[in-house]
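Before any comments, here is the structure.
A short reminder: the numbers here are calculations on the coordinates, not readings from a lab. Because the structure is a prediction, the values reported are computed rather than measured. Cβ atoms come from the backbone with ideal geometry, glycine included; neighbour counts cover every protein chain shown.
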Amino acid sequence: MKTVEETPLLTERRDLARTVNLVLIGAGVVAAVVFALQPVLPGTSLVFWFNLMKAIVLALSLNLITGYTGYIDFGHVVFYGLGTYVAGIAIGMLGVVVPVPMWVFIGPLLVAAIAVVVGLPALRLRGAYFAIAMLSFNAATRLIILNLPRDFAGGAFGIPTPEIYDPHAAYYGMVGLLVAVAAFTVWLGNSRFGVGLKSIRDDEVAASVMGVRTTRYKLAAFAVSAYVAAAAGSIDYWFVAFTSNELVFANVLTVEMVAGVFLGGAGTTVGPVLGAGVLYLVRDFLWVRFPYLYLPMFGVVLVIVVLWMPRGIVGFVEDRVPWLRAKLK
Amino acid sequence: MEAQVLLNGLLIGGVYGIAALGLGLVWGVMSVVNVSHGDMLIFFAYMTWVMVSLQTLSPFLALVILIPVGFLLGMGLYHVLVRHLIRRSEVELMSLVLFFGISAIIYGIAAYLWGSDFRSLPIPLPTLQIMGVAVPGTRLAAFLIGGGLVLGLRWFFRKTYWGKAIRAVAQSRNAARALGIDPDRVSAVSFGIALAYAGVAGALIALISPLSPSLGVAYAGRSFAVVVLGGLGNPVGALVAGIVLGLAESLSTLWITFSLSPAVAFVLLFLVLIVRPQGLFKPLRSR
């Protein structure tokens, strides 16, 4: 690597970059506190804040495999859906004795294991083939769960479990998950693991030639990504005390995740948070007034992003303020 | 019983073949993966339904009308959106995201206009009895129209100037340009042909099954299964793969519940991708 001569300008830029970094971390802490305070503040809608966190967590989850590793996953909602069912079947149908607040974090490990089993063959596929394999995996999983025995998986009726209903506790579960995922993503940005994943995204063959164990790296990223989505699903099940086939495997949710990640900037830390957050606010505004508009709106966002700002909001800002480049990634 | 099931699978396979053709053609010629293909098919199917039930046209006339409509829509879509994408690197990945967005737009519009109720057309042709097997006339006509047009495309690719130009561009855009073929125009025409075929396929789908906007996902899965099995843009491959899928789906109903049969395409697709991602037939760009 070429050594760079220390110049006053460079030092100044580095100081600026450090300031930006501190500001971002500060913003993260403030955001976490704001989220954590919502249930005790008067007059706030718990559902609104909970779903905002869920949207951000899901976007960060997809970002791990699609943003960092470059594998576009059009069936990512399957892990979220399986997460709700892992919790629903264990708690509502089998009556597992593990306390709910623990199970929503333990159960998703099963989904991560499923991701490893599916990922082992599926991650050998590249580009469009992987995306479509996942799309079909989601569709097939949905249909199979629908047709499982009704006293095991609830069939078309779903699994209602009013006895575990405790939105305040579930809300804090989601706060914990959001903080954990955000911290993991920040750590990933500078870690050996994260750099390895980005090298796979940029050129998988070159990465493996350079000694990156691509299969292990991809599987690990996929498993973590699936775990996060599944945990979001489990906690969501806890929050609403219900899961149903129709809702939790809906492609709409994948569209939201993909749009959030690409609008913000795939493979960055800040991007998915920003993208998912912005889309959530717009959706919340549109949903009440024009219920049919919001799905096409996500579509329009994707079209615009692909054609005019392929690196998302973060890339758009970076191109105008170049010294931020190293910091927002 | 078995003969009846096999016949049903065979007849619907012709429709699956033509339904998948546009997807494979665009993918093969310009590495653009139209993940909204299933939603486009269902949109055309609804247009057929609108023409037949509101304007009281014959469904076969509606089918003929959809050919130029699809062609123009395809050319327009190419010029407005896809053209800007093709000049970039990573065409395939970015096209996935672009058409994922378009899929959401089309699905949203279809859900808004036609709701989630099932709509169906009156069946225009009677059912024939041949050697104890019921042959639904409509499905037979759909099979013949679909299969015939698919084989017609094989002739088009081999014998006409435009067909050969499309194959040349599929093999190499730069080499084609060096030979005096304009890859941009050829790509636009390919997109037009792809959507014209999707228009016909949509009309045939409206003839043989009740419509709901969510059917798009099922047809996307089927089309991808056929394209992966049959090779990108290979007409004969598409027809054979369509029939294989049709038979697999209808035979599956002998053992598993009917509501699971759309999963057959997805499972088949998943397995083929993992075992033999290069498919069973040569893609358009070979030779």
Practice task
Treat segment B:172-287 as a sphere of radius equal to its Kirkwood radius over Cα pairs and apply Stokes-Einstein at 25 °C in a medium of 0.890 mPa s; give the translational diffusion coefficient in µm²/s, rounded to a whole number.
Solution key: 154 µm²/s
Exercise for the section: Binning at 5 Å from 0, report for segment A:73-198 what percent of all alpha-carbon pair distances ends up in each bin. Expected result: 2, 9, 14, 18, 19, 17, 11, 6, 3, 0
Fill in the blank from the handout: Computed over segment A:176-329, the convex hull of the Cα set has an average projected area, in nm², of 10.9 nm²
Fill in the blank from the handout: Computed on Cα atoms, the radius of gyration and Dmax of chain B in angstrom are 18.3, 59
Exercise for the section: Would you mind working out the magnitude of the charge dipole of the protein assembly as shown relative to its Cα centre, with +1 at each Lys and Arg C-beta and -1 at each Asp and Glu C-beta, to the nearest 20 Debye? Expected result: 1900 debye
Handout entry: Long-range Cα-Cα pairs in segment B:75-146 (distance over 19 Å), rounded percent
Key = 63 percent
Exercise for the section: Return the whole-Å distance between the Cα centroid of segment A:172-198 and the Cα centroid of segment B:73-148. Expected result: 41 Å
Practice task
Determine, at each q value in 0.07, 0.12 (inverse angstroms), the log₁₀ of I(q)/I(0) that the Debye formula gives when each Cα of the protein assembly as shown is one equal point scatterer.
Solution key: -0.45, -1.26
Exercise for the section: Find the centroid of the Cα atoms in segment B:20-60 and in segment B:230-247, then give the distance between the two in whole Å. Expected result: 17 Å
Exercise for the section: At 25 °C and 0.890 mPa s, grab the translational diffusion coefficient of segment A:31-96 from Stokes-Einstein with a Kirkwood Rh over Cα pairs, rounded to a whole number in µm² per second. Expected result: 172 µm²/s
Fill in the blank from the handout: Counting Lys and Arg as +1 and Asp and Glu as -1 over every other residue whose Cβ sits under 11 Å from the Cβ of B:R87, the net charge comes to +2
Exercise for the section: Using only the alpha-carbon atoms of chain A, report the extent along each of the three principal axes, biggest first, to the nearest angstrom. Expected result: 69, 51, 39
Practice task
Hey, could you grab the Kirkwood Rh for segment B:10-150? Inverse mean 1/r over distinct alpha carbon pairs, Å, one decimal.
Solution key: 17.0 Å
Practice task
Using only Cα atoms, find the angle between the long axis of helix B:183-208 and the longest principal axis of chain B, and express it within 0 to 90 degrees, rounded to the nearest 10.
Solution key: 10 degrees
Handout entry: Lys, Arg +1 and Asp, Glu -1 on Cβ, resulting dipole of segment A:230-329 about Cα centre, debye, nearest 20
Key = 400 debye
Fill in the blank from the handout: Against the 2.2 N^0.38 Å rule of thumb, the C-alpha Rg of segment B:67-216 sits at a ratio of 1.29
Exercise for the section: Would you mind listing how long segment A:192-253 runs along its three principal axes, going by Cα atoms, in whole Å with the largest first? Expected result: 48, 21, 14
Problem - Rg/Rh for segment A:110-158, where both radii come from Cα atoms and Rh is the Kirkwood radius - result: 1.09
Fill in the blank from the handout: Between the residues B:A170, B:P122, A:L46, the Cα farthest towards the positive end of the dipole of the protein assembly as shown, that dipole coming from +1 and -1 charges on the beta-carbon of Lys, Arg, Asp and Glu, is from B:A170
Practice task
Name the residue farthest towards the positive end of the dipole of the protein assembly as shown from the options B:Y16, A:V181, A:L295, assuming +1 on Cβ of Lys and Arg, -1 on Cβ of Asp and Glu, about the Cα centre.
Solution key: B:Y16
Handout entry: Most mobile listed residue (A:L64, A:L125, A:L37) in chain A, GNM with C-alpha springs under 10 Å
Key = A:L37
Handout entry: Once the Cα gyration tensor of segment B:1-85 is diagonalised, semi-axes √(5λ) in Å
Key = 27, 21, 9
Handout entry: Span per principal axis, largest first, for the Cα atoms of segment A:1-153 (Å)
Key = 70, 50, 25
Handout entry: Members of A:K54/A:K218; A:K198/A:K218; B:K159/B:K282 lying beyond 20 Å, as alpha-carbon distances in this model show
Key = A:K54/A:K218
